[in-house]
Amino acid sequence: MKKQDVIKQVLNGETPDYIPFSFWSHYPDIDRDPEKIAEQTFKNFKRFNLDWIKTLNNGMYTVEDYGVTIDHEPVKTGGMSEIVSTPIQSAEDWEKLPEVTIESKALARELKYLELLLKKVNGEAPIIMTIFSPLTIAHKLSKGKVLDHIAEGNGNLVKHALDKIATTHAQLAHRAIELGADGIYFATQLADFDKTTQSIYEEYGLPFDKKVISGAEQGWLNVVHLHGSNIMTDFIGEFPVQVVNWHVGESQPDIKKGQEQAEAPVMGGLKRLDITEDNLEALENQIKDAITQLEGKNLLLSPACMIPLPFKSKNIDKIIEMKQTVEKEVLG
């Protein structure tokens, strides 16, 4: 069967021919070069015979066009890119937020990457483009000060900026689907109690998230990624997507409860640091647990998030081998 057909079996709640698998990481030396990152993404796909492809965009691409300075070096040793300077300091600065369009430098670059990747893959597997939530973008853009601005009583200024950001990224999502992407991987890093409150996210997160996701409504493989170790579980089924992804085993809920609550398949099941740190026995247990709890259904096996560098290819090979062994036990 085509990879798309197996994934559609999962989306339909059927027992698939096999459990689809994929993973992703960052490549900070090349991920702002569309040709090089498209080639690396394609190499990963072919080397590991991945069942779907998530684009490997750098985590700061959505803020570049707003005039920030970024240090990407920490990614090379397993860390995250860092904002060095930004035009957003005070709440009043949100009123001066630049107009960004999908023709702006960074967004146009990432669409070029997607276009090149689609051409290379040529329909062999589904492709989903990484797009970030407006509140996550605002949080990065302000180095976390957006939450202070809200607390100081400047929520209306923030909402106006969030709406501008959402409009642009809904257009980005729409263009990705037009180009041929099968969906988007919509990442929010603020639906986490360690970052903010549920009431704040309900007011400043969800409405703008849904606006962005609506841009990809023609996609059939839209995914929401709830990033963090203390996610707001009440929201897990609130996103208009086909698949949910969170840090299973690191944050509540457990995989079965989350799948039932979302009424959607789960992308995940593996702890990414166990891949980087060679914890193969732990990974085998995670594979068994995910497949067994979901009875071989409703699962797109993957790490919860990007695998930190450096990681070993042999560990990915071992995951695929262990998955195949468990499949035989559970699926027959």
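Atom-type composition of the exposed protein surface of the chain places 45 percent of the accessible area on carbon and sulfur (1.4 angstrom probe). Computed from the Kirkwood radius of its Cα pairs, the Stokes-Einstein diffusion coefficient for the stretch 1-145 at 4 °C and 1.567 mPa s stands at 76 µm²/s. The relative contact order of the chain comes to 19 percent, based on Cα pairs under 8 Å that sit 6 or more residues apart.
A simple spin-label model places the labels of Glu103 and Phe193 4.7 nm from each other, with each point 7 Å out along Cα-to-Cβ. Using the Cβ-Cβ distance between Ile200 and Lys256 with R0 set to 30 Å, the FRET efficiency from 1/(1 + (r/R0)^6) comes to roughly 0.55.
Using C-alpha pairs below 8 Å separated by at least 6 residues, the relative contact order for the stretch 1-147 is 29 percent. With the alpha-carbon atoms of the chain aligned to their principal axes, the span from lowest to highest coordinate is 61, 40, 37 Å, starting with the largest. Binning the C-alpha pair distances of the stretch 156-296 at 10 Å intervals from 0 yields a P(r) profile of 12, 37, 33, 16, 2, 0 %, listed from the shortest bin outward.
Stretched out straight at 0.36 nm per residue, the stretch from Trp220 to Asp234 would grow longer than its current Cα-Cα span by 2.7 nm.
Taking every C-alpha pair closer than 8 Å and separated by at least 6 residues, the mean separation divided by the residue count of the stretch 82-235 gives a relative contact order of 28 percent. What Kirkwood radius, in Å to one decimal, follows from the Cα pairs of the stretch 130-199? Hydrodynamic radius (Kirkwood, Cα pairs) of the stretch 130-199 is 13.1 Å.
For the chain, the longest principal axis of the alpha carbon atoms and the long axis of helix 105-121 meet at an angle near 20°.
In the structure shown, the pairs Lys120/Lys323; Lys195/Lys271; Lys76/Lys105; Lys140/Lys195 are assessed against 18 Å; a Cα-Cα span above that value is assigned to Lys120/Lys323; Lys195/Lys271; Lys76/Lys105. Gyration tensor analysis over the Cα atoms of the stretch 241-332 returns equivalent ellipsoid semi-axes of 21, 16, 10 Å (largest first, whole Å). Computed from the Cβ-Cβ distance with R0 of 22 Å, the FRET efficiency linking Met1 to Leu331 stands at 0.95. When the alpha carbon coordinates of the stretch 60-189 are projected onto the principal axes, the ranges are 50, 34, 23 Å, largest first. At a probe radius of 1.4 angstrom, the accessible area of the chain per residue rounds to 40 square angstrom.
Between Glu14 and Lys96, the FRET efficiency estimated from the beta carbon spacing at R0 = 56 angstrom works out to 0.60.
With axes computed from alpha carbons, what is the tilt in degrees of helix 280-293 against the longest principal axis of the chain, rounded to the nearest 10 within 0 to 90? In the chain, helix 280-293 runs at an angle near 90 degrees to the longest axis.
The values are calculated or read from the model by the stated rules, or taken from the named source; none is laboratory data. Model, not experiment: these values are computed from the prediction. So basically every Cβ, Gly included, is an ideal-geometry build from the backbone, and we count neighbours across all protein chains shown. When the accessible area is computed, the model is the full protein with side chains, heavy atoms only, and any ligands, DNA or RNA have been set aside. Shrake-Rupley method; radii C 1.70, N 1.55, O 1.52, S 1.80 Å.
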